[in-house]
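Read the structure below first, then the notes.
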Amino acid sequence: MATAEQVIALVRSYTRQDEGRFLQVAAQVAEEAEARGQNRVAAEIRGLLDDAAAQSGVIRKSADPIPLARPRGELAGIMSVAMPDRRLGQMVLSDDLSKRLDRIVKEQRERTRLRERGLEPRRKFLMTGPPGTGKTLSAGAIAAELGLPLFTVLLDGLITKYMGETAAKLRLVFDAMTERRGVYFFDEVDALAGSRGADNEVGEARRILISFLQFLDEDKSASLIFAATNHPEILDRAFFRRFDASILFGLPAAELVQPLVEETLVGFKLENLDWYAIRGAAHGLSQADIVRASDDAARVAVLEHDGHLTTAQLIESLRENATQAR
């Protein structure tokens, strides 16, 4: 049943007439009920939520994370939480990557149908690729699609901050997965490879790697687990085998440059830009680099050119970011 924090969150959102927040909390109650095997309760709550959505039309979204999802005690120093609202349809993705991420969401939404045929939805994913290619944003978008909180664990900082007790702290994270269904994002898992730092840090990282893989194998929760690395080459094959799938996030193809810029520069007149030249200047840059360069060019346009954005300004910003990225 609902926890005290959930009841408080429901009452608070009701008194504030925050419909979106109320429905988010109620949906989380349903998810947790299902995870405990209370399928009838979960189905009844979801039925009521569907009725409410049909009656209200567009559901207002809350910008704030649900308080009940905030890690407490020792967990507060290990991971952060957010309720992302940017969905997959709002991201600029390659067709192949978009299909793969959509399939993850569909498997979770249709997990009852899969189980009726003796199948389980995939829950454990390894994200690989250069920095700034959308790994973190994609994990957040999947959380938004499923109405789940996004819990982020930064392993690199965890190892150095809790030297000698990291495995025990990591156990708390995996315990939380059973108690609170969500999307759990482990960033920089290459830190577990122990290829950098002092000798004692290397040994600690290897011990944590063994614990992490053991916890991953043993996890039977309803939560989704995403682990991200910029350096898959330093991870051994045993690491890859622990995941249901590995997803590659590459640098954007030339045809994605224009949509990335257009999405970032909403409100600017872009019809006269030389997209061929811009695509050339963006070659080799990550999605994050292109977005950052577009923002830089926009600031220059507003402050120095009365809001008029030119191809030359954008190319200059792209080249500056290319220099910084090297």
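Can you tell me how many residues in region 286-326 are basic (Lys, Arg) and more than 20 Å from GLY250 (Cβ to Cβ)?
Residues meeting the conditions: 2.
Go over the candidates ILE78, ILE8, ILE66 one by one and state the one that is modelled with pLDDT of 65 or more and crowded, with 18+ Cβ neighbours inside 10 Å. Step through it out loud before you land on a result.
Working: ILE8 fails: crowded, with 18+ Cβ neighbours inside 10 Å; ILE66 fails: modelled with pLDDT of 65 or more.
Just one listed residue meets the conditions, ILE78.
Results for (1) touching a helix residue (DSSP H, G or I) at 6+ places or on another chain (Cβ under 6 Å); (2) surrounded by fewer than 17 Cβ atoms within 10 Å (Cβ to Cβ); (3) not β-branched (Val, Ile, Thr), shown as yes or no for each residue.
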position	(1), (2), (3)
TYR276	no, yes, yes
ASP295	no, yes, yes
LEU314	yes, no, yes
THR323	no, yes, no
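Considering VAL266, VAL261, the condition of being assigned by TED's automatic domain parsing to the domain that holds LEU314 and modelled with pLDDT under 95 is satisfied by VAL266 alone.
Surrounded by fewer than 20 Cβ atoms within 10 Å (Cβ to Cβ), among the β-branched types (Val, Ile, Thr), modelled with pLDDT of 85 or more and under 26 Å from ARG46 (Cα atoms) - does that describe any residue in region 105-124? The answer is yes; a qualifying residue exists. When LYS61 is tested against (1) modelled with pLDDT under 75; (2) in contact with a Gly (Cβ under 9 Å, 6 or more places away or on another chain); (3) buried (at least 18 other Cβ atoms within 10 Å of the Cβ), just one condition goes unmet, and that condition is (3).
When we screen ALA30, ALA35 for residues that are at pLDDT 75 or above, surrounded by 17 or more Cβ atoms within 10 Å (Cβ to Cβ) and more than 16 Å from SER13 (Cα to Cα), the only hit is ALA30.
Of the residues making up region 163-216, those that are at pLDDT 80 or above and among the β-branched types (Val, Ile, Thr) number 5. Number of residues in region 207-257 that are over 21 Å from the mean Cα position of the chain (by Cα), within 30 Å of TRP275 (Cβ to Cβ) and part of a loop (DSSP other than H, G, I, E, B) equals 1. Close Cβ contacts (under 8 Å, 6 or more residues apart or on different chains) running from residues in region 227-242 that are under 18 Å from SER211 (Cβ atoms) to residues that are in a loop (DSSP other than H, G, I, E, B) comprise ALA227/PHE243; THR229/GLU188; THR229/LEU235.
Of all residue pairs spaced 6 or more apart or on separate chains, those with beta-carbon atoms under 8 Å, a first member in region 4-19 that is closer than 15 Å to LEU48 by Cβ and in the same structural domain as ALA30 (by TED's automatic domain parsing) and a second member that is of a type in the set (Lys, Arg) and not in a helix (DSSP H, G or I) are GLU19/ARG60.
The values are calculated or read from the model by the stated rules, or taken from the named source; none is laboratory data. What you are looking at is a predicted structure, and each value in this text was computed from that prediction instead of being measured. Every residue, glycine among them, receives a Cβ derived from its backbone with ideal geometry; neighbour counts consider all protein chains shown.
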